Amino acid sequence: MIFGGMKTIHTGFKKARSARKGRIILSFFFFILFLAIAGGVLYWQTHKKKIIREKIESAIRKKSGGFYTIKYESLDLDEITGFLSITNLRLAYDTNQYKALRALHLAPSTLFNIEIPEISIEGVKTPKALIDKEIDGRKLSVRNPLIEIIYTGHGKDSLRKVPTREIYQQILGNLNQIRLDSVSISGARIITRNQKTKQTGIELNNASLDLIDVKVDSVANADTSRLFYSRKQSISFETLSWLSADRRYKFRAKNVSSNSIGKDVHIDEFVLDPLKGEQEFVNSIPTQEDRFDFRFNDIGLKNVNYFSLFDEEVIADSIVIRSATFNIYRDLNIPRDQKNRVGDYPHQAFQKLPVDIDVRKVVLANAFIEYKERNNITKKAGKVQFYDVHATISNFTNKKESIRKSNVMTLVSSSRFLNKTPFNVNWQFILRDPDGRFGIKGNLGPIDAKDLNQLTEPMGPARIEKGEIKGFSFDLNGSDHKMEGTMTLVYDNLKIAALEKDRGAKEWDKKSLTSLFANILIKNSNLPNGDKEARKSSITYERDPNRSIFNLVWKTIFKGIMETVSKV
């Protein structure tokens, strides 16, 4: 027993020595591991910015084939809190490589220069990034970025060069998933330029984009409820502007905002602004052309389909414009062009737009419209003015599927003609009709005939000395080649004066003999008499293919007026 006990004790001591030896070896192993980790941490802490910089630069070179380079001023990283900040980041294309590609006729159609003063990511879960290859964080912020897009005029359409891989795979790279609570881009500016002409195209200023619950992976890519891989989106910008192709007009939108929750878009102001005054504009063109000056205020789009925008479609329930002004000017003292305008009626031009538009209703709540024309005989300008214009367009669409359901677009408007009397018009446009068919009905309230002198004297030249217009109505149908219909002008006690200008004189004066003959040739009244109704004119007018739809309507109505008042 003693020997047995001693043997047991000896065995125990032997095991104890072995255990102690094992603990020493294990302790030494952990000590070496600690030194390795400590050394690794120390190396990481002292070299992490260089490592990250090399990784970022390598990724950019790999993605762009070495065409783009990236530089930044500073990088701050806190793995514990998951915070990363980069300041003054710049991405630019390599000019030497661009020249080499251009010489080989391989130059890209677009180039990018990007400057971002500050990028920050908060709350990144570092272990998931390292182990699971997932970026999981709270917020990505991009502040005051400047993006310059340069159109080179080389290569094929860049929109056709869509990657064969899914877009989300292009974004992820070697990652399995990117998930962020929010993404915020603020104070952005985007400029497009033409490399050959050096001219600026689109300018977008002080833009902001906020995305909530952003997730980039195969599941989110298939989620049709997500836009920009996010559940909720809001976008706004201060100004968006661009020049027309002929460089005569500037388009500008001001204070635009949109929120995916309400699916609404609001625009404070949209203008079509001519860059030259009336006479300067006329001096710059070889043939007659309308000069436009349009302004729209307080515009709202309701229930916009955001996803359709990426398919180049604008789909919404309604567009409401609270106020607007339309000023149009034409000088008849320069020659007309010889362009054939058949097929260019407004509803025909609308059908040719490259973007599909499908809006149930467009409402113009209050507008002012002025057409000003400088006569080539009197050298004076007359103004046709409509005040307090209220208009509604229904079935405002050029989308084939919607036109199959209803091919009639209607425009109903009410206004005050010359701010003197009510004027109501109803247009009906037959969409995609091979002959461009349309109809127009209208009626004008009572007005003192002398109030029309602001039109007849500069445009006539004639002066209405007295008369009362009791009412005026018309019902016309037009096509690419003619207009026909009926009209009724009810008036009484009409007397006119013909105006002529003596040689060397500056003013147009009444010529008694000419005026006498003119009044002999007109009927001074068209009133209903007992059971007899006022005379109604049936008109057919062949269209001048060089003229617009408005000229066709006016010439048809004018022909009817002359047939009504003339004894001949």
Identify, by number, the condition in (1) under 21 Å from residue 539 (Cβ atoms); (2) open to solvent by 30 Å² or more (accessible area, probe 1.4 Å) that residue 466 doesn't meet.
(1)
Which numbered condition trips up residue 102, out of (1) outside any helix (DSSP H, G or I); (2) at pLDDT 85 or above?
(1)
How many of the residues in the range 257-291 are among the β-branched types (Val, Ile, Thr) and within 16 Å of residue 376 (Cα to Cα)?
2
Would it be correct to say that residue 135 is outside any loop (DSSP other than H, G, I, E, B) and modelled with pLDDT under 85?
yes
In this structure, does residue 313 turn out to be under 26 Å from residue 241 (Cβ atoms), touching a residue at least 60 places away in the same chain (Cβ under 8 Å) and surrounded by fewer than 17 Cβ atoms within 10 Å (Cβ to Cβ)?
yes
Take residue 432 and tell me if it is assigned to a loop (DSSP other than H, G, I, E, B) and either surrounded by fewer than 19 Cβ atoms within 10 Å (Cβ to Cβ) or at pLDDT below 95 (or both).
yes
Is it true that some residue in the range 439-458 is under 31 Å from the mean Cα position of the chain (by Cα) and in a strand (DSSP E or B)?
yes
Give just the number: which of (1) modelled with pLDDT under 75; (2) surrounded by 17 or more Cβ atoms within 10 Å (Cβ to Cβ); (3) β-branched (Val, Ile, Thr) does residue 192 not satisfy?
(1)
Grab the strands (runs of 3 or more DSSP E) fully contained in the range 244-333, keeping just those with 2 or more residues being in contact with a helix residue (DSSP H, G or I) (Cβ under 9 Å, 6 or more places away or on another chain).
313-331
Look through 329, 306 and report the one residue that is hydroxyl-bearing (Ser, Thr, Tyr) and in contact (Cβ under 8 Å) with a residue 60 or more places away in the chain.
306
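Residue-wise test of (1) closer than 30 Å to residue 315 by Cβ; (2) not polar (S, T, N, Q).
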{"residue": "385", "(1), (2)": "no, no"}
{"residue": "392", "(1), (2)": "yes, no"}
{"residue": "422", "(1), (2)": "no, yes"}
{"residue": "434", "(1), (2)": "yes, yes"}
{"residue": "440", "(1), (2)": "yes, yes"}
{"residue": "448", "(1), (2)": "no, yes"}
{"residue": "462", "(1), (2)": "no, yes"}
{"residue": "481", "(1), (2)": "no, yes"}
Kindly indicate whether residue 425 is closer than 26 Å to residue 471 by Cβ and open to solvent by less than 30 Å² (accessible area, probe 1.4 Å).
yes
Residue under evaluation residue 486, criteria (1) crowded, with 17+ Cβ neighbours inside 10 Å; (2) at pLDDT 95 or above; (3) in contact with a helix residue (DSSP H, G or I) (Cβ under 9 Å, 6 or more places away or on another chain), criterion not met:
(1)
Hey, among 360, 404, 416, which residue is free of Cβ contacts under 8 Å to residues at least 60 places away in the same chain, assigned to a helix (DSSP H, G or I) and open to solvent by 30 Å² or more (accessible area, probe 1.4 Å)?
404
Inside the range 458-479, can you point out the residues that are under 30 Å from residue 379 (Cβ atoms) and of a type in the set (A, V, I, L, M)?
459, 462, 464, 469
First in the range 553-568 and open to solvent by 90 Å² or more (accessible area, probe 1.4 Å), second anywhere and at pLDDT below 85, Cβ under 9 Å, 6 or more apart
567/520; 567/521; 567/522; 568/521
Go through 175, 227 for me and flag whichever is within 23 Å of the chain's Cα centre (by Cα), at pLDDT below 90 and more than 30 Å from residue 289 (Cβ to Cβ).
227
Flagged in the range 240-284 as under 29 Å from residue 180 (Cβ atoms) and not basic (Lys, Arg), in numbering order, are 240, 255, 256, 257, 258, 259, 260, 261, 262, 264, 265, 266
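The values are calculated or read from the model by the stated rules, or taken from the named source; none is laboratory data. Since we're looking at a predicted model, the values are computed, not measured. Note that we place each Cβ from the backbone using ideal geometry, even for glycine, and neighbour counts take in every protein chain shown. Ligands, DNA and RNA are stripped out before the accessible areas are found, and what is left, the full protein with its side chains, is counted by its heavy atoms. Shrake-Rupley method; radii C 1.70, N 1.55, O 1.52, S 1.80 Å.
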